[in-house]
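The values are calculated or read from the model by the stated rules, or taken from the named source; none is laboratory data. Everything numeric here is computed off the predicted structure, so don't read it as measured data. Ideal geometry is used to build each Cβ from the backbone, glycine not excepted, and the neighbour counts take in all protein chains shown.
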Amino acid sequence: MLTRFVRIQLLIFTIIGIVGVIAMVLFYIQAPTLLGIGRMTVTLELPSTGGLYRFSNVTYRGVQVGKVTAVALAANGAKVVLEVQPELTALMARLEGAATVIARGAAPPQQFDVHCPLGSLPLAFKTEPATVPADIPYLSADDAHLAKWSAPIGALERPRIALAWSGNPSHLNDRNRSIAFAKLAALLSIPAQFVSIQRDVRGDDAIALAGENRVTNVGAELENFADTAAVITATSAQ
């Protein structure tokens, strides 16, 4: 059984611990500020961030006066340089917001403040379902490629369905990303005009595709994804 002296000590330590936790939450973590309680929001457009990141301290003459709670690209301030595979440059150049599009392996700009892989952008921007950009379509084929493909694809009867069934055979997860052309047999039985946009056709698939008169194969004529986008657009055109 605890003596009265020990109980008093435990009570004192408990009070000190609680006060310490409250002080850490209020002054170090600054929970009220993060929750928007008593917060004054200041938005800055900076041409160079100098390593600015979320939760970094804002100081004035050595005294902390605030904390960065969010970092976002200024709508009119940031210059976006997009690096993609060479086959994608023509198509991605039409993407709104991309000031410069370069092919992978090309010399990047000499100076930049932030680098982020495309697949990590939703994490970096803390994207949620309600904040997903929804200006659709955000990619489109240009007039020159549309003119190239509108006549040959438009001559096919509707409905028209574009097909692609396999990816890069050297991909480590290719077995879960690609199927054999023969497995599309059931699909090809429906009344429709099919257009193959499969650019690289494997050996067995090439033999099966050559003997399939229900599929118009344009894959070998696609020079890049701008061609692919135009074919898909023409396929769905009224």
Only unsatisfied item for PHE125, checking (1) more than 27 Å from ARG199 (Cβ to Cβ); (2) surrounded by fewer than 13 Cβ atoms within 10 Å (Cβ to Cβ), is (2)
State yes or no: is ASN213 assigned to a loop (DSSP other than H, G, I, E, B) and loosely packed, with under 12 Cβ neighbours inside 10 Å?
-> yes
With respect to VAL231, determine if the residue is aliphatic (A, V, I, L, M), under 31 Å from the mean Cα position of the chain (by Cα) and outside any helix (DSSP H, G or I).
-> no
Restricting segment 102-122 to residues that are under 15 Å from the mean Cα position of the chain (by Cα) and not in a loop (DSSP other than H, G, I, E, B), the residue that is surrounded by the fewest Cβ atoms within 10 Å (Cβ to Cβ) = GLY119
Evaluate segment 63-80: report whether one residue or more is closer than 29 Å to THR228 by Cα, in a strand (DSSP E or B) and at pLDDT 70 or above.
-> yes
Between residues in segment 201-220 that are within 13 Å of LEU188 (Cβ to Cβ) and modelled with pLDDT under 90 and residues that are part of a loop (DSSP other than H, G, I, E, B) and of a type in the set (Lys, Arg), which pairs lie under 7 Å by C-beta distance while being six or more apart or on different chains?
-> none
Looking at LEU172, LEU146, LEU139, LEU156, which is the one that is under 20 Å from VAL218 (Cα atoms), at pLDDT 80 or above, part of a loop (DSSP other than H, G, I, E, B) and not acidic (Asp, Glu)?
-> LEU156
